[in-house]
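Data first, discussion second: the structure below is written as structure tokens.
The values are calculated or read from the model by the stated rules, or taken from the named source; none is laboratory data. Everything quoted here is computed from the prediction, not taken from an experiment. Cβ coordinates were reconstructed from backbone atoms using ideal geometry, including for glycine residues, and neighbour counts include every protein chain displayed.
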Amino acid sequence: MTLTRRKFSISSGAALLAGFATVRAQSEGRIVLGQSAAFTGPAAQLGIQFHQGARVYFDQVNAQGGIGRQQIELRKLDDGYEPARCAENTKKFIADDVFALFGYIGTPTSVVALPMAVKEKIPFIAPFSGAMALREPFSRYAFHVRASYNDETALIVKQLTNLGLKKIAVFYQNDAYGKAGLDGVNLALGRLSLKPVAQATVERNSVDVAQAVKTLVAAGPDAVVQIGAYKACAAFIREARKAGYGGTFYNVSFVGTQALADELGKEGAGVVVSQVVPSPYNPARPIAREFADAVKAVGNKDVQANFSSMEGYLAAKLFTEGLKRAGSKTTRESLMAGLESIGTQSFGGFAVSFGPGDHVASSFVELSMLTGDGRVRT
């Protein structure tokens, strides 16, 4: 099967002064960010890797004196990829007067946290989710780095149908994330007057896939599009193959590419994953070389260059650019104005675009394939 690389490029209200929180953070010489994410449980690698990538960039900035003599501090709290725990973490961050919420991992957690951030007028930056529910209706407090799940599933469906594969099934997580991905697949198929031949679910943080395997294998699809995290998707792939399924598997980026490859090992050969950031393994783009050098400079074998950590690095880079543009008096309002002033530019070959009314930096999508030796090819 031949994969094509595709790049998609698609192309405020009244300001309120930030309150005591901003003044306090500034007087202490720190810009404090709060990140609620899975750091334990079956989705832990997503939080760990994104956080590591962001820390690589922020630590570089701080080592050079910070921004306006202020250090950037990224605080983390573990939510285990559970919305109720995420809500409690967000309450703690609000009580602690963090400057912004950053790098929340996942749709079901982010859709709980975003309204809390909006209510408190706290910027909500770079959620690790492509759900349209976080983008529509537009919120002036939400800033997205990555493309949407609609962008990813459109590319996946285009690739499959170009290959003549039209019997497409969907295996999805039974929550806001899975349904967002399913909506994207249905939208893309609907444009071609097609619909899924079958669909089945798995519960969040579960690997109980037996019924889903039975349902989807019985439908005999050409391919299965998976909207889940790496543990459940790996379990489904293994069990479907044991059941005799010989078709192909396509995943969206949230699966956690390296984590999926690690879970599957040799069984990962041929599994496809859509990506929303450039490959950290391909030195063709300056941003990939910059990231690889930054990870190497850390000198910590636990910090890996992969797609999830690359997204964390890019999110931190974009946030810092907004901070630089915020002016000498750093407030939440000046940060948001700084981010909106970025306009259209290239971050080392990764095109970004922010402006008033446009808080989605990128619509970049391309496909990658796992190899049998645990690597990723784009």
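Observations
- Counting residues in the stretch 311-322 that are more than 29 Å from LEU370 (Cα to Cα) and in contact with a helix residue (DSSP H, G or I) (Cβ under 7 Å, 6 or more places away or on another chain) gives one or more.
- Cβ-Cβ under 7 Å pairs, at least 6 apart or on other chains, the stretch 288-312 side under 22 Å from ARG146 (Cα atoms), far side of a type in the set (S, T, N, Q) and not in a helix (DSSP H, G or I): ALA288/SER279; ALA288/ASN282; PHE307/GLN275
- Unique residue being crowded, with 24+ Cβ neighbours inside 10 Å and of a type in the set (Ser, Thr, Tyr) when the list is THR153, THR161, THR201: THR153
- The sole residue among GLY103, GLY130, GLY190 that is more than 23 Å from ALA87 (Cβ to Cβ) and not aliphatic (A, V, I, L, M) is GLY190.
- For the stretch 350-365, a residue qualifies if it is within 21 Å of ALA337 (Cβ to Cβ) and more than 16 Å from the chain's Cα centre (by Cα), and the qualifying residues are SER353, PHE354, GLY355, PRO356, GLY357, ASP358.
- From the list SER334, SER279, the one residue that fits, being under 20 Å from the mean Cα position of the chain (by Cα) and surrounded by 19 or more Cβ atoms within 10 Å (Cβ to Cβ), is SER279.
- Lone unmet requirement of (1) outside the structural domain of ALA235 (by TED's automatic domain parsing); (2) out of contact with any strand residue (DSSP E or B) (no Cβ under 9 Å at 6 or more places or on another chain); (3) surrounded by fewer than 22 Cβ atoms within 10 Å (Cβ to Cβ) for GLU321: (2)
- Residue in the stretch 288-308 that is basic (Lys, Arg), surrounded by 14 or more Cβ atoms within 10 Å (Cβ to Cβ) and touching a strand residue (DSSP E or B) at 6+ places or on another chain (Cβ under 8 Å) present: no
- Residue selected from the stretch 158-193 under the condition outside any loop (DSSP other than H, G, I, E, B) and among the charged types (D, E, K, R), by the criterion nearest to ALA235 (Cα to Cα): LYS179
- Of the helices (runs of 4 or more DSSP H) lying entirely inside the stretch 38-157, those containing at least 3 residues that are more than 23 Å from MET336 (Cα to Cα) and at pLDDT 95 or above span 44-63, 83-95.
- Scope the stretch 258-283; condition among the aliphatic types (A, V, I, L, M), touching a strand residue (DSSP E or B) at 6+ places or on another chain (Cβ under 9 Å) and in a helix (DSSP H, G or I); matching residues: LEU260, ALA261, LEU264
- Against the test of being of a type in the set (Gly, Ala, Ser), at pLDDT below 95, in the same structural domain as ASP59 (by TED's automatic domain parsing) and more than 23 Å from ALA259 (Cβ to Cβ), the options SER353, SER328, SER334, SER346 yield a single qualifying residue, SER328.
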